[in-house]
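Read through the structure below, which is laid out as structure tokens, and then see the notes.
The values are calculated or read from the model by the stated rules, or taken from the named source; none is laboratory data. None of these values were measured; they are calculated from a predicted model. When we count neighbours, we look across all protein chains shown, and the Cβ atoms used for this are built from the backbone with ideal geometry, even at glycine.
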Amino acid sequence: MSGDRPDARELIEAVAVWLAADLGPGLEGGDRFEAMVAAHGLMIAARELELAEQHATLDAAAFAPLLPNADPGGDLGRALAEAIAAGTFDDDLPTVAAVLREHIRRKLAIARPGYDDVAAP
Amino acid sequence: MSEPPDGELIRAALAGAGEPIAGALELRPLPGGSSRDLWLVAAGERRWVLRRDPVGERAQTSREAEFAVQRAAHDAGVPVPRPIAFGDFGTPGMLMDYVEGEAIPRRVLRNAPSGLVGQLGVALRALREASTAGLGEAPGDPCVVAIDAVRAELDAAGDALPALELGLRWLTLNRPPPAAAGIVHGDLRLGNFIVGDDGLRAIVDWEFWHLGDPVEDIAWLCARPWRFGADDRPAAGLGSVAELLDGFGAAVDPQRLRWWDAFSQLKWGAYCARQAALRRDGAHDSLERTVVARRVAEAEWDMLELIDL
């Protein structure tokens, strides 16, 4: 917002691009592989900086209706995980699955964009 | 590189197994990403592999038990390196024949001989027909054992993963009837078998073996994370599940396979989640393991697709 540029996300992206396009290709074998892993990790971090806040809002809005007794300001993801494990939704798993599918799409947008595009057997 | 094992211990073990060597013995470390300490043992034209626990590590699995299962598999005609001797080589380990060939996944995929998937199926058939005598007590319900193990992994990781919890709940509520237990390799995938021009030469790395439902190995072999992008070849990125089942030679209930397919994603997801916790605890500082933890979302996605609620 009011900080200097490049901001955190731009810095991280710049280092990631450098690792993948400049340093990495000049390395051999295991080192090259690790440079690519490093770039991949940094890009996840960059996307998380961009998307985490809006995802948290969307997750809270999606989970709250499933957890009428939970503190709406609390950790609804953990409350949902515990409720599922306790068998609370055993008679209606499809409803929870539908909500969680969208939650996982959001996580994939950060961790592996496009993974949910491919229909895998 | 770890300190080399004592050549005299190896010489004595080979002599004790009826394969004495007279001349000089050469030891070379074998790279390859195994969690165990691997050494190539050469004497003249002859070759063996020593596989032992890394020095200084408190091993989570038993090399003696691994020797026993590899011998059982070998006796049953499963392609595995012939096990020769178990003993103390500085740390517990086993000597086995050296098997020439390629194990690196990308290389195997580039030059995969046709029929490899069928051969994997046939190997799994031999494994399911292998005697389990002397390999310990079989679990009453392999699915319950599997669920309990994943539950423990998730609890140890400590993160809130509602999608994995949903998968675990579905698995708990939809267990197939307990199967007669057989030998399960426990980590059967590209990278754990040696391939030559003639096809499958040896299944290696039996570290995670257990007695259980043989369908578990079929499902793990066909799991999406190790198809290396080849989603059109679900059996290890090499071919079709039908080819694999053809070699396996026994009817596999589709619901049972689907259960173990879903379980495979859950096990993989729990593994991913665990890597982050282990790093926080200082148990490792591997970049690859740290970043792989973020693949948990992929496991959650694939698991939801499989159970298709």
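Quick notes on this one:
- Residue B:109 being assigned to a helix (DSSP H, G or I) and closer than 23 Å to residue B:260 by Cα: no
- Counting only strands (runs of 3 or more DSSP E) wholly contained in segment B:1-71, the ones carrying 2 or more residues that are free of Cβ contacts under 8 Å to residues at least 40 places away in the same chain occupy B:26-29, B:37-43.
- Number of positions in segment B:239-266 that are crowded, with 22+ Cβ neighbours inside 10 Å and closer than 19 Å to residue B:175 by Cβ: 8
- Here B:212, B:118, B:199 are screened, and the one residue that is within 18 Å of the chain's Cα centre (by Cα) and either surrounded by 16 or more Cβ atoms within 10 Å (Cβ to Cβ) or among the basic types (Lys, Arg) (or both) is B:212.
- Tabulated pairs, segment B:226-253, first closer than 18 Å to residue B:295 by Cβ, second aromatic (Phe, Trp, Tyr), C-beta under 6 angstrom, 6+ apart or interchain: B:237/B:228
- Considered as a group, the residues in segment B:117-174 that are out of contact with any Phe, Trp or Tyr (no Cβ under 7 Å at 6 or more places or on another chain), more than 18 Å from residue B:299 (Cα to Cα) and among the charged types (D, E, K, R) include one that is nearest to the other protein chains (Cβ to nearest Cβ), and that residue is B:148.
- Residue within segment B:116-128 that is outside any helix (DSSP H, G or I) and touching a strand residue (DSSP E or B) at 6+ places or on another chain (Cβ under 8 Å) present: no
- Answer residue from segment B:255-289, given it is closer than 22 Å to residue A:106 by Cβ and polar (S, T, N, Q) and is nearest to the other protein chains (Cβ to nearest Cβ) among those: B:265
- For segment B:75-86, the set of residues classified as within 18 Å of the chain's Cα centre (by Cα) and crowded, with 19+ Cβ neighbours inside 10 Å consists of B:78, B:79, B:80, B:81, B:83, listed by residue number.
- Of residues in segment B:55-86 being of a type in the set (Val, Ile, Thr) and more than 23 Å from residue B:11 (Cα to Cα), the one modelled with the lowest pLDDT: B:61
- Condition check for residue A:106: within 10 Å of chain B (Cβ to nearest Cβ), surrounded by 13 or more Cβ atoms within 10 Å (Cβ to Cβ) and closer than 16 Å to residue B:168 by Cα: no
- One residue from A:35, A:85, A:60, A:39 being more than 19 Å from the chain's Cα centre (by Cα), more than 8 Å from every other protein chain (Cβ to nearest Cβ) and either among the charged types (D, E, K, R) or farther than 17 Å from residue B:298 by Cβ (or both): A:35
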